[in-house]
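In what follows, a structure is listed as C-alpha cells, so that the remarks can point back to it.
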Amino acid sequence: MNILITGGAGFIGSHTYVALKEHGFTPIIVDNFSNSTEKVISQLAEICQESIEIVKGDVNDPKIWDQLFTQYSIEGIIHFAAAKAVGESVENPLKYYRNNVGSTILLLEKMQQYGIKNLVFSSSCTVYGQPETLPVTENSPVLRALSPYGNTKQICEEIISETTLATQDLKSISLRYFNPIGAHKSAKIGELPLGPPANLIPYLTQSVAGLRGPLQVWGTDYPTPDGTAIRDYIHVCDLADAHVKALAYLIKQDKAPFYDYFNIGSGQGSSVMQVIQAFESATGKKVNYEIRDKRPGDITSVYASTEKSNKILDWKAKRSLEESLRDAWAWQEAIK
Ligand SMILES: NC(=O)c1ccc[n+]([C@@H]2O[C@H](COP(=O)([O-])OP(=O)(O)OC[C@H]3O[C@@H](n4cnc5c(N)ncnc54)[C@H](O)[C@@H]3O)[C@@H](O)[C@H]2O)c1
C-alpha cells in the first residue's frame, strides 16, 4: 500500500518512513530539502536496506502533485511538509501562510481531483496555548495562537475538517504532537536544526557537545514544583508509530466523510530541571546551564491526556524520557 509522505526527509517524516516500512507499507517521500538534506535519504536507505522512493519537489507546485498521482497509486498521505520556526514566522508571516496553509489547500484540491481518500495531518499542541486544566484533553478549547506558525496549524486543522466534512469520500485525522525528541536507535537519522536550535533538547545536546555555550534555562519562577516550565516530551519513534496507527485506523473507516483529532504525547510532564537531571543520569554527561529571565509568550505547563489515542488508535508511547535523551545524545555524537 503506497503512502505519500510530504516532508519525509525531515525529522519526524524520516522516522515515520522507517515505521511505515516496518509495518508493511510502501512510503514515498516528496520533499524540497528546504529544511533537510539529501544525506537523510542515503541514511534511510542504510536503515531500510533498500533504495528509497523520493520525488524532489515543492508541495506548493501543482505539477508535483500531478506527477506524483500519475506515477504512483496512492492510498493515503501524511502531510508533514511545513516551515516550523516560530520566531521566523513572527518576522515573515506570509512565508508561513503561503507554505503551510497554501500547500494544505493545494493538497486537498489535488486529493479530490485524483480521488485520494486518506489524510493524516501534522498538527501541534500549540493549538491549546496554556490550558486551564492538565493533562490537556482533546475537549480543551483551541486558544488564539501566539505566533503565525501556531496559527497555520489551527487554520489547517479547520480547512481540513471543513473540507473533509463537505465531501462524500474524504477521511482525515489531525495529530496534535507534543514535544518530539530523540532519534532512531541506529543514530543514522535525527533532528537537524539549521542554526541555533529553538528547542530545549537539541540546544542541550549541542551545548554538552561543546558546539554552543551553556544551556539557557528560561525562568525558574514558574508556579511549578521546581519553578521551571513543564512540557511533554515524546520519543520521535513513538510519534512515528502513532502515524502508522492513525493511518491504519483511517483506512479501516468505511464511513466517509470522517474527521477526528488526537493528542500524541507521552502523557508525562517534565520540567526543564527534570530533563537536565534525566539527561545527566542517562548519559553520564554534565550539563552546564545558566538561569535567565522568563521569555514573554512561553507557557508554564502543558502535557497531554493520551486516553483518546490509547483507546481509539490503540497507541501508547513506550519509550522513557531517559531512553529518548540517550538516543538524542547518540545522534548528537554521530553528527558532531
Ligand atoms: N518538531 C516539532 O517539535 C513539531 C511539533 C509539532 C508539530 N510539528 C509539525 O510536524 C511536521 C514535521 O516537523 P519536523 O520537526 O519533522 O520538521 P522538519 O523541518 O524536520 O521537516 C519538514 C520537512 O518538510 C520539508 N518541506 C518544508 N516545506 C516544503 C515544501 N513546500 N515542499 C516540500 N517539502 C517541504 C522540509 O525540507 C523538511 O524536510 C511539521 O508540519 C511541523 O510543523 C513539529
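Brief remarks follow.
- Cross-chain or 6+ apart pairs with Cβ under 8 Å, segment 75-95 first and free of Cβ contacts under 8 Å to residues at least 40 places away in the same chain, then of a type in the set (A, V, I, L, M, F, W, C): Lys95/Ala83
- Scan of segment 15-47 for residues that are open to solvent by 30 Å² or more (accessible area, probe 1.4 Å), hydroxyl-bearing (Ser, Thr, Tyr) and either within 13 Å of the ligand (Cβ to nearest atom) or within 17 Å of Ile3 (Cα to Cα) (or both), ordered by number: Thr26, Ser34, Thr37
- Residues of segment 125-152 that are buried (at least 17 other Cβ atoms within 10 Å of the Cβ) and more than 22 Å from Glu307 (Cβ to Cβ): Ala145, Leu146, Ser147, Pro148, Tyr149, Gly150, Asn151, Thr152.
- Residue count for segment 272-299 satisfying the condition of being at positive phi and within 27 Å of the chain's Cα centre (by Cα): 1.
- A single entry from Val244, Val272 fulfils the requirement of being within 22 Å of Pro135 (Cβ to Cβ), of a type in the set (A, V, I, L, M, F, W, C) and touching a residue at least 60 places away in the same chain (Cβ under 8 Å): Val272.
- Take the conditions (1) without any contact (Cβ under 8 Å) to a residue 60 or more places away in the chain; (2) open to solvent by less than 90 Å² (accessible area, probe 1.4 Å); Pro296 misses just one of them, which is (2).
- Taking the criterion of being under 14 Å from Val18 (Cα atoms) and open to solvent by 40 Å² or more (accessible area, probe 1.4 Å), the residues of segment 48-66 that qualify are Gln49, Glu50, Ser51, Glu53, Ile54.
- Within segment 170-183, considering residues that are within 30 Å of Gln253 (Cβ to Cβ) and assigned to a loop (DSSP other than H, G, I, E, B), the one farthest from the ligand (Cβ to nearest atom): Leu170
- Of all residues in segment 1-52, those satisfying the criterion of being free of Cβ contacts under 8 Å to residues at least 40 places away in the same chain and either β-branched (Val, Ile, Thr) or within 20 Å of Tyr114 (Cα to Cα) (or both) are Thr26, Pro27, Ile29, Ile41, Ile52.
- Any chance Asp226 is part of a loop (DSSP other than H, G, I, E, B) and out of contact with any Gly (no Cβ under 9 Å at 6 or more places or on another chain): yes
- Residue list for segment 171-199, restricted to those being modelled with pLDDT of 95 or more, over 15 Å from the mean Cα position of the chain (by Cα) and not polar (S, T, N, Q): Lys171, Lys185, Ala187, Lys188
- When Lys336, Lys252 are checked against the criterion of being open to solvent by 20 Å² or more (accessible area, probe 1.4 Å), of a type in the set (Lys, Arg) and modelled with pLDDT of 95 or more, Lys252 stands alone in meeting it.
- Residue check for Ser186: in a loop (DSSP other than H, G, I, E, B), farther than 28 Å from Asp298 by Cα and in contact (Cβ under 8 Å) with a residue 24 or more places away in the chain: yes
- Test result for Gly265, on the phi > 0 side of the Ramachandran plot and either crowded, with 19+ Cβ neighbours inside 10 Å or at pLDDT below 95 (or both): no
- The lone exception for Lys252 - which of (1) within 16 Å of the ligand (Cβ to nearest atom); (2) at negative phi it fails: (1)
The values are calculated or read from the model by the stated rules, or taken from the named source; none is laboratory data. Please read these numbers as outputs of a predicted model, since none were measured by experiment. Glycine gets a Cβ as well: all are built from the backbone with ideal geometry, and neighbour counts include every protein chain shown. Ligands, DNA and RNA are stripped out before the accessible areas are found, and what is left, the full protein with its side chains, is counted by its heavy atoms. Shrake-Rupley method; radii C 1.70, N 1.55, O 1.52, S 1.80 Å.
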